[in-house]
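The values are calculated or read from the model by the stated rules, or taken from the named source; none is laboratory data. Predicted model, so just to flag it, every value in this text is computed and none were measured. As a convention, Cβ positions derive from the backbone with ideal geometry for all residues, glycine included, and neighbour counts pool all protein chains shown. For accessibility, only protein heavy atoms count, side chains too; no ligands or nucleic acids. Shrake-Rupley method; radii C 1.70, N 1.55, O 1.52, S 1.80 Å.
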Amino acid sequence: MIGESKVRRISFSADSVLSAVVQDADTTELARILGAHGDEIRVNQVNHVGLTALHHGVLSNNLDAVKLLLCNGADVDAQDVHGFSPLHTAAACGFTQVASLLLLFGADAFALTAQREMPIDLARELGVVRLLSEEMRRRVHAEVYMGALLRSCARDCWFYVRQLSQLVLEEAVRYLMQLWKRRRWSESAAAVTKLAVETSSVCDNGSKIKRTYSSSLKETLVDGEDKQS
């Protein structure tokens with residue numbers, strides 16, 4: 001019909017809207033989008049230079065946006081094409097609070113860029129340098145402690161395994177000795193029994209021979225008496 005017009009609506013993907021909202025520092029809209037489209041949004045989607053929404057949140061120094069993204073699965077150690085993580089970006093920009101929040105969510109203070117630079121190498125603000133150095137010291141101490149603990153556990157395990165092996169070996173030797181003694185006793189008992197049987201047989205045979213001899217002698221004497229009479 002004349003007068004009717006068709007209205008075309010242009011819709012953008014949730015990922016595009018997410019990036020735009022983060023760059024505009026609209027935290028309220030960001031919370032609404034994450035709550036309504038959390039399953040549809042690829043929060044770690046990167047642009048042509050490898051920047052994620054978390055990178056953009058750090059660049060805008062928006063602490064609330066960074067917190068929302070981290071709580072919704074953003075990769076705290078995602079790196080762009082130059083190897084910059086969000087922590088590298090916060091350190092280079094001097095955003096102490098954002099850097100502290102990233103470290104709280106487990107950001108790697110020893111991550112390297114393509115130029116082999118750690119976040120502390122890019123830090124210019126004294127507060128950021130102190131924050132990163134303290135975190136690096138803490139993690140080094142934790143790794144040293146864990147290494148010492150693991151070595152101690154390994155030594156203890158080896159000691160107990162050695163003691164257990166020694167006990168098992170002693171029990172095995174004792175059991176074999178008992179088996180050997182039982183076998184020797186059985187063999188000795190069998191030999192004694194055999195000797196007794198053989199001796200008994202010899203005695204029986206001797207008795208039979210003696211009885212036979214006695215009978216023969218008696219018969220001979222009887223015959224001699226008969227002849228004399």
Worksheet item: Could you give me the ³J(HN,Hα) list for the range 48-54, computed from phi with Karplus coefficients 6.51, -1.76, 1.60 and θ = phi - 60°, whole Hz, x at Gly and Pro?
Response: 5, 10, x, 7, 9, 4, 5
Item to complete: With the full set of protein chains in place, find how many percent of the accessible area of the range 86-199 is carbon and sulfur; take the probe as 1.4 Å.
Response: 62
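Using heavy-atom solvent-accessible surface (probe 1.4 Å) with all chains present, what is the largest-first order of 67, 181?
Working: 67 95, 181 125 Å².
Of 67, 181, the descending order of accessible area is 181, 67.
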Discussion item. For the full complex of protein chains and a 1.4 angstrom probe, list 55, 141, 48 by accessible area with the highest value first.
Written reply: 48, 141, 55
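So how strong a dipole does the range 48-178 carry about its Cα centre when Lys and Arg Cβ are +1 and Asp and Glu Cβ are -1, to the nearest 20 debye?
Working: 11 positive and 14 negative charges, 77 e Å.
Computed about the Cα centre, the dipole is about 380 debye.
Given contacts defined as C-alpha pairs under 8 Å and at least six residues apart, what's the relative contact order of the range 23-164, whole-number percent? Don't skip to the end; give the middle numbers.
Numbers: 159 pairs, mean separation 23.5, N = 142.
Relative contact order for the range 23-164 comes out at 17 percent.
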